[in-house]
Structures are given as C-alpha cells and as structure tokens.
Amino acid sequence: GFEGVLALDECHKAKNLSEKAAESLNNNGANGCSGAKHTGGSKTAKAVQELQKKLPRARVVYASATGASAPEHLIYASRLGLWGAGTQF
C-alpha cells in the first residue's frame, strides 16, 4: 500500500468530526456511511477520516495555522494516538 506522505493543510476544517461519526467511519468505512445515517461531521471531516483509514501506512502531516480550542476538535488527527483504548480521551 501507499507509504508516502499524506499532507493535510488547513486541517482545522475537519474539526467538526464527532467521536461517534469517527467511530462509525472506522468501523464501516466509506461503504457503510451515508449522510443520512451519520451526523456530527462535515464532509471534509469525514473525508479526512476516510483517507487515513484507507491509507494505513501513509505518514500523515497535520498542518493548520488555526489552533484548537478544545481537545475534541482534534478527533480528526487520529494518527497522533490521542484517542481510543488506553488513552486519556
């Protein structure tokens, strides 16, 4: 699979991904997600999550000049290892 760099510029635009939507996308992938079933995330947020899932060996760079005002605004940054089992969030 792809092992290159996945550079996500202006990634703060994916901040509206809800924890529930992220979990659904991780479990079902793009084929299990329809806009009517999954709420709590913009199309951009869902696309960022899907890309990361489809390219598990890619090196991800998250770039944004806009800061996050709350930890949950970083749910899209799944490769940081901040979310899930064995973590604080």
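The values are calculated or read from the model by the stated rules, or taken from the named source; none is laboratory data. Treat the numbers as computed from the prediction; the structure is a model and nothing was measured. When we count neighbours, we look across all protein chains shown, and the Cβ atoms used for this are built from the backbone with ideal geometry, even at glycine. Each accessible area value is taken on the protein alone, full model and side chains, heavy atoms only, with ligands, DNA and RNA left out. Shrake-Rupley method; radii C 1.70, N 1.55, O 1.52, S 1.80 Å.
Things to note:
- Looking only at segment 48-68, residues that are out of contact with any helix residue (DSSP H, G or I) (no Cβ under 7 Å at 6 or more places or on another chain), hydrophobic (A, V, I, L, M, F, W, C) and under 11 Å from LEU8 (Cα atoms) come to 2 in all.
- Residue satisfying all of: in segment 1-15; open to solvent by 30 Å² or more (accessible area, probe 1.4 Å) and more than 19 Å from PRO71 (Cβ to Cβ); modelled with the lowest pLDDT among these: GLY1
- Number of the condition not met by SER18 [criteria: (1) closer than 21 Å to PHE89 by Cα; (2) modelled with pLDDT of 80 or more]: (2)
- Criterion (assigned to a helix (DSSP H, G or I) and either farther than 22 Å from GLY1 by Cβ or modelled with pLDDT under 90 (or both)) met by exactly one of HIS73, HIS38: HIS73
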